[in-house]
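To keep things clear, I will list the structure first and then write my remarks on it.
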Ligand SMILES: [Zn+2]
């Protein structure tokens, strides 16, 4: 029985490797967009009905504007690098929710929420672009689906031989990876590797969108100083701030500007 489980796990792993266009690395992901995205879209819509969406204010419009600039920069990058159809199933949406929690997130397929509580830390449109670029990068790199895939392999090990991945189980896994709605605080953190990847990709796309990548390290310094206060930001439970992150972002900013120059972008706001 153990052998069957092992063979199944190996088989799934081999079949399920997909290249991440941003890193060129093979990653484990056996959930196609067609399975993940509908779950994400439904959960996102539910979240919006249960929370106070801010509409038509200057801030709400700014979130949408930054999101559109960032996702269109990602599209340009993907087309230029030979992945023209990569975003065809994405349905970008950018909402601001009235909630003093310091948080922002992006669900698979490009469903983004900013909480009003993060705006005092982002401070400017460029600060919003730092967080937006990072969150969009998680979605572009399928980090959520990879986390679910790893969970599935563990589960196959746990239920010895029961290889049928039924829909309810998939939904449970999804809910654990994206525990939103009533359990916002329970969303699983990304791995350190995924965080670093999202920082690097996010920096590139914000620069291509015309936002100054030097501001990324500044944002994380503000986040870090906030974490010493009485109420550490919720955002830090899934995105721990540390000095390595800040020094990486500082070191990568000039490279992001070079990448932007390939797209004719040499001035940054
Ligand atoms: Zn992240």
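The values are calculated or read from the model by the stated rules, or taken from the named source; none is laboratory data. Because the structure is predicted, anything quoted here is derived from the model rather than measured. Cβ placement follows ideal geometry from the backbone for every residue including glycine, while neighbour counts extend to all protein chains displayed.
Of note:
- Among residues of the stretch 116-141 that are farther than 19 Å from residue 210 by Cα and in contact (Cβ under 8 Å) with a residue 60 or more places away in the chain, those with a beta-carbon under 6 Å from a residue that is near the ligand (Cβ under 10 Å from one of its atoms) and not in a helix (DSSP H, G or I) at least six positions away or on a different chain give the pairs 118/104; 138/106.
- Only residues that are at pLDDT below 95 and part of a loop (DSSP other than H, G, I, E, B) were counted in the stretch 100-134, giving 7.
- Test: residue in the stretch 72-92 that is in contact with a strand residue (DSSP E or B) (Cβ under 6 Å, 6 or more places away or on another chain) and modelled with pLDDT of 90 or more: no
- Test result for residue 96, in a strand (DSSP E or B) and away from the ligand (no atom under 14 Å from the Cβ): yes
- Hits in the stretch 188-203 - residues which are within 10 Å of the ligand (Cβ to nearest atom), more than 26 Å from residue 258 (Cβ to Cβ) and surrounded by 14 or more Cβ atoms within 10 Å (Cβ to Cβ): 190
- Residue in the stretch 112-134 that is farther than 30 Å from residue 225 by Cβ, within 16 Å of the ligand (Cβ to nearest atom) and crowded, with 16+ Cβ neighbours inside 10 Å present: no
- When residue 139 is tested against (1) within 13 Å of the ligand (Cβ to nearest atom); (2) assigned to a helix (DSSP H, G or I); (3) in contact with a helix residue (DSSP H, G or I) (Cβ under 6 Å, 6 or more places away or on another chain), exactly one condition is not met: (3).
- Search result, residues across the stretch 228-269 that are assigned to a helix (DSSP H, G or I), within 16 Å of the ligand (Cβ to nearest atom) and either at pLDDT 90 or above or surrounded by fewer than 18 Cβ atoms within 10 Å (Cβ to Cβ) (or both): 236, 237, 238, 244, 245, 246, 248, 249, 252
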